[in-house]
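These notes concern the structure reproduced below.
Bear in mind that the values in this text are calculations on the coordinates, not laboratory data. Small disclaimer: the values here were computed from a predicted structure and weren't measured. Glycine gets a Cβ as well: all are built from the backbone with ideal geometry, and neighbour counts include every protein chain shown.
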């Protein structure tokens, strides 16, 4: 969707899309695992935006982490104003085998191109 908005005449092959989906899934798993570790270190049972932002700072280099945190904050703010607490409107609950038992990461506005567990 984003590619079509930025470059309407450009496409992406099925194989390239699979690679991108695997990349995104791997990144989400790594961020979720790091955020879960941080919550565990701080004796918390809930992953908050603070843990996710710290995980992004630890895993993503320099400017990339700053942009990721900025865009994430904008997305959460937008979703919070539109449908705070409405899990049926585009929210996804993701489980990662890397996370401790019973830890689930909730993410808003997930693309349907990433396979659901």
Go ahead and collect, in residue order, the members of the stretch 1-29 whose backbone nitrogen is under 16 Å from a label point 7 Å along the Cα-Cβ direction of residue 59. 20-29
Ranking 47, 12 by Cβ neighbours within 10 Å, fewest first, what do you get? 12, 47
Taking the beta-carbon count within 10 Å as an exposure proxy, list 54, 77, 46, 40 from fewest neighbours to most. 46, 77, 40, 54
Net length gained if the chain between residue 42 and residue 74 were fully extended (0.36 nm per residue, minus Cα distance): 8.9 nm
Most exposed to least, judged by fewest other Cβ atoms within 10 Å, 18, 51 sort to 18, 51
